[in-house]
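Trainee: The structure under discussion is supplied below as structure tokens; questions concerning it will follow.
The values are calculated or read from the model by the stated rules, or taken from the named source; none is laboratory data. All of these numbers come straight from a predicted model, not from anything done at the bench. Reconstructed Cβ throughout: ideal geometry from the backbone, glycine too, with neighbour counts over all protein chains shown. Protein only, heavy atoms only, side chains kept; ligands, DNA and RNA dropped before computing areas. Shrake-Rupley method; radii C 1.70, N 1.55, O 1.52, S 1.80 Å.
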Amino acid sequence: MHDGDTEESAIFGKLDADSFAHVIEQLSTLDVIRCACLCHSLWRLCNGKVQQCLKLRGTQITGPNLIWLARTWMCGGAVYLDCSNCEQITKANIVQCVAVSPMVAELVALRV
């Protein structure tokens, strides 16, 4: 058995994959990234969720960081973007983000 399997078994020993996925869906993208940095198994589990959605509502993310997330972390594959109440993001940042993520199907940007 390889180390990743051991770590994953330990994580899921108490929490099944569906429950973990439900928990991850409730977190902001930044919290999911923080979670993913804890170990290789969490990285693999979290990475699929982050590559679909950028949930940044009310965070202190900056415009350049938003563009980095869209381009580098999500490889341009974001389908959902919520950056409502992010005080440091401008409309121009959102346009740049959508430009590097042409798959965005839903955009929520209230009070930006």
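Trainee: Restricting the range 85-112 to residues that are small (G, A, S) and either assigned to a helix (DSSP H, G or I) or surrounded by fewer than 15 Cβ atoms within 10 Å (Cβ to Cβ) (or both), which is farthest from the chain's Cα centre (by Cα)?
Mentor: A92
Trainee: In the range 31-46, which residues are loosely packed, with under 14 Cβ neighbours inside 10 Å and part of a helix (DSSP H, G or I)?
Mentor: The answer is R34, H40, R44.
Trainee: Determine, yes or no, whether W43 is within 12 Å of the chain's Cα centre (by Cα), over 21 Å from S101 (Cα atoms), of a type in the set (A, V, I, L, M, F, W, C) and modelled with pLDDT under 90.
Mentor: Taking the combined requirement at face value, the residue satisfies it.
Trainee: Is there any pair with a first residue in the range 92-108 that is of a type in the set (A, V, I, L, M, F, W, C) and a second that is assigned to a loop (DSSP other than H, G, I, E, B) and open to solvent by less than 100 Å² (accessible area, probe 1.4 Å) whose Cβ atoms are under 6 Å apart and which are 6 or more apart or on different chains, and what are they?
Mentor: If the second residue must be assigned to a loop (DSSP other than H, G, I, E, B) and open to solvent by less than 100 Å² (accessible area, probe 1.4 Å), the pairs left are I94/A109; V98/V104; V100/G76; M103/G77; M103/V79; V104/A78; A105/V79; V108/S84.
Trainee: Could you give me the residue pairs with C-beta distances under 6 Å whose first residue belongs to the range 24-44 and is among the hydroxyl-bearing types (S, T, Y), whose second residue is at pLDDT below 85 and not in a helix (DSSP H, G or I) wherever it lies, and which are 6+ apart or on separate chains?
Mentor: Note: no pairs meet the criteria.
Trainee: In addition: Among what's in the range 52-83 and is closer than 16 Å to L27 by Cβ and among the hydroxyl-bearing types (S, T, Y), pick the residue that is least open to solvent (accessible area, probe 1.4 Å).
Mentor: Among residues in the range 52-83 that are closer than 16 Å to L27 by Cβ and among the hydroxyl-bearing types (S, T, Y), the one least open to solvent (accessible area, probe 1.4 Å) is T59.
Trainee: In the list L81, L69, L54, which residue meets the criterion of being modelled with pLDDT under 90 and either acidic (D, E) or part of a strand (DSSP E or B) (or both)?
Mentor: From the options L81, L69, L54, the qualifying one is L54.
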